[in-house]
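Novice: Dropping a structure here in structure tokens format, bear with me for questions.
Read-outs throughout are calculated quantities, based only on the coordinates presented, and are distinct from any laboratory measurement. Remember, predicted model here, so these are calculated numbers, not experimental data. Because the Cβ atoms are built from the backbone with ideal geometry, glycine has one as well, and the counts that use them run over all protein chains shown.
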Amino acid sequence: MRIILAPMEGLVDAPIRETLTKVGGIDRCVTEFIRVTHGMLPPRIFYKYAPELHNNSLTEAGIPVAVQLLGSDPVQMARHGTKAAELGATQVDINFGCPAKTVNKHKGGCVLMREPELMHEIVAQVRQAVPASVPVTAKMRLGYDDRSMGVACAQALEAAGAEEIVIHARSKVDGYKPPAYWEEIARAREAVRVRVIANGEIWTVDDYWRCREVSGCDDVMIGRGLIARPDLARKIRASQRGESVPDMTWPEAVALVREYAMALQTRLEDRFVTGRIKQWLNYLRQGFVEAEVLWPEARKIRQVAPMLACLQQPVTEPRAA
């Protein structure tokens, strides 16, 4: 009954993984994808996306982090899978789920679901190249143009040696629009023997239990839901024990944002740090009324100190936009 923090390009980076895994309830994380093209990437690129490689592929809280690769050349993907393992990766994950137009245009991510044979070849070559002690896993959607490819692609990945498959319960065309088609995950899960992990539209504890019931999956991956509600995994974990824990308060959430900002400031200019904070705050609006109230003011701020001061001010009633 594992809970995995999903990768989210441009947001779920190493500092936010450190911040969220300290809250509790998360069993594993996955990095933002490392884009593999023609040349061999230097180690510094792997360390940029997965600095946890310096710590036995663990966050400071001791949570394992998988290194995710994205690309369509089986040979190059195998070479980079080998390099990731040499640098200390304890799991190599392959991205067949990214719906971004620029990624798909360059034959990466979800567009490969039009070619299950190529998906098979990529995973097979990575599996052959990576030491047997390092699991090779994959993330996909239900299809590209529609939701008809879930079973075929899951079977292709299983046959190639993938040890786990995360399935986001939508097609590329569906994007992130509700609903999530958890029942289609169930169809794919029933067609393979490897572990399938359900992903998509898990925002609350109730969503978690419904997803598990409909998909039949024991494990889930959560992205936006954990960004909107950083204590969601902790609350799910308590629910699994038949217990409940108090909701995270807004001051507690702001303390997490502050910790995140301090980590980012060691390597980014203020305007980029505030940009990341705004991305997170935009999701926090779904979990905290205070974030919604402060958003019109916060979105105009370009420096970190005024941004944190804004978030710490008392919120008593809605402000005019």
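Novice: Counting DSSP beta bridges in the chain, what percent are antiparallel, to the nearest 5?
Specialist: That works out to approximately 5 percent antiparallel.
Novice: Next question. Cα axis of helix 150-160 to longest principal axis of the chain: angle in degrees, 0 to 90, nearest 10?
Specialist: Between helix and principal axis, roughly 60 degrees.
Novice: Anything over 22 Å Cα to Cα? Flag those among 48/83; 83/139; 22/101; 105/172; 139/177, in the order listed.
Specialist: 22/101, as the Cα separations exceed 22 Å there.
Novice: Compute the acute angle (0 to 90°) between the alpha-carbon long axis of helix 270-284 and the principal axis of greatest extent of the alpha-carbon atoms of the chain; round to the nearest 10°.
Specialist: 90
Novice: For helix 74-86, report the angle its Cα long axis makes with the longest principal axis of the Cα atoms of the chain; keep it between 0 and 90° and round to the nearest 10°.
Specialist: 60
Novice: May I pose another question? So, in nm, how far is label residue 106 from label residue 133 when the simple model puts each one 7 Å beyond its Cα toward the Cβ?
Specialist: 3.4
Novice: How many angstrom lie between the Cα centre of region 287-310 and the Cα centre of region 187-209?
Specialist: Result: 34 Å between the Cα centres.
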